[in-house]
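Engineer: Following this message is one structure expressed as structure tokens.
A short reminder: the numbers here are calculations on the coordinates, not readings from a lab. Keep in mind that this is a model prediction, so the values were computed, not measured. Counting neighbours? That spans all protein chains shown, and the Cβs are built from the backbone with ideal geometry, glycine included.
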Amino acid sequence: MKENLKFEINYIAYKSSDELPENYKLLVDAAKKATNDSYAPYSNFNVGAALFLNDGQIILGSNQENASYPIGFCAERTALSAAASIASHTKIKAIAITAKSLKNPVLTPAAPCGICRQTIFEAECKHHQNIEIILTGESGAVYIFKSIKDLLPLHFDADFL
Ligand SMILES: [Zn+2]
């Protein structure tokens, strides 16, 4: 028997980061600051990520490219690796992700790539806690998702960890 099914994703949208509650705005501003540490001479696409940990720490990450393209790191995984290195037992409440580009200003929310979605999902499983996902561009809308599972609907269930 064939069925036509669909996924439904619920998320919150703000027209701009100016409308955000203060704690979200703080994290988005931190992610924007992180774009200044991006090393992106090949794409000129500077991505920043900021993690908010349960203990109040904010950990930044930015994309780090390489002439050997596949070994470059995304901002999200740079931040997650830093958190795992310096606060491995501290749970992560939220991640803000943003991007800027001199070539084409980023006016829509920057979304994580597939590898980063899987990596964020693993962090949720490791700590048994959802990580709020906050996406924005240089300006314009901000999207907030309750969990990376909303952006990775057919995820591998690693809850046995
Ligand atoms: Zn990525």
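Engineer: By the scheme Lys and Arg +1, Asp and Glu -1, what is the net charge of all other residues having a beta-carbon under 15 Å from that of Asp55?
Structural biologist: On the way: positive: Lys91, Lys93; negative: none.
Net charge around Asp55: +2.
Engineer: Given an 8 Å cut-off on Cα distances and at least 6 residues of separation, report the relative contact order of the chain as a percent.
Structural biologist: Working: 331 pairs, mean separation 37.8, N = 161.
Reported relative contact order: 23 percent.
Engineer: The range 70-146 to the range 10-53: how many Å between their Cα centroids?
Structural biologist: 9 Å
Engineer: To continue, here is another question. Could you compute the longest span of the chain free of GluC sites (Glu not before Pro) located in DSSP loops and having at most 14 other Cβ atoms within 10 Å, not counting the site residues? Walk me through the numbers before you get to the answer.
Structural biologist: Working: sites that count: Glu3, Glu8.
With GluC sites (Glu not before Pro) excluded where exposed in loops, the chain gives 9-161 as its longest stretch.
Engineer: If you don't mind, another one. I need the chymotrypsin sites (Phe, Trp or Tyr not before Pro) found in the range 1-108, filtered to DSSP loop residues with at most 11 other beta carbons within 10 Å of theirs. If you can, show how the numbers build up before the last one.
Structural biologist: Numbers: sites: Phe7, Tyr11, Tyr14, Tyr24, Tyr39, Tyr42, Phe45, Phe52, Phe73; in loops: Phe7, Tyr11, Tyr42.
Answer by residue number: Phe7, Tyr42.
Engineer: Quick check for me: using +1 on Lys/Arg Cβ and -1 on Asp/Glu Cβ, what's the dipole size of the chain about its Cα centre, in debye to the nearest 20? Show your work: numbers first, answer last.
Structural biologist: On the way: 15 positive and 17 negative charges, 42 e Å.
My answer is approximately 200 debye.
Engineer: With all pairs of different alpha carbon atoms counted, what Kirkwood hydrodynamic radius in Å does the range 66-161 show?
Structural biologist: Values: mean 1/r = 0.0698 Å⁻¹.
The Cα-based Kirkwood calculation yields 14.3 Å.
Engineer: Tell me, what ³J(HN,Hα) does each residue in the range 42-53 have, in order and in whole Hz, if you take phi through Karplus 6.51 cos²θ - 1.76 cosθ + 1.60 with θ = phi - 60° and put x for Gly and Pro?
Structural biologist: Couplings: 8, 9, 6, 10, 9, 10, x, 9, 9, 9, 10, 8 Hz.
Engineer: Looking at the chain, which longest stretch skips every one of the trypsin sites (Lys or Arg not before Pro) that is in a DSSP loop with at most 11 other Cβ atoms within 10 Å, leaving the sites themselves out?
Structural biologist: Values: sites that count: Lys2, Lys6, Lys15, Lys103.
Of all site-free stretches, the longest is 16-102.
Engineer: Among rounded, prolate and oblate, which fits the chain when a ≥ b ≥ c are the square roots of the eigenvalues of its C-alpha gyration tensor, a/c under 1.5 means rounded, and a/b larger than b/c means prolate? It would help to have the intermediate numbers written out before the result.
Structural biologist: Working: a/c = 1.30, a/b = 1.21, b/c = 1.08.
Rounded.
Engineer: Still on this structure, I have one more. Listed here are the pairs Lys6/Lys146; Lys93/Lys149; Lys6/Lys93; Lys100/Lys149; which of them are more than 23 Å apart at the Cα? Intermediate values should be presented prior to the final figure.
Structural biologist: Working: Lys6/Lys146 19 Å; Lys93/Lys149 14 Å; Lys6/Lys93 28 Å; Lys100/Lys149 25 Å.
Distance filter (> 23 Å) returns Lys6/Lys93; Lys100/Lys149.
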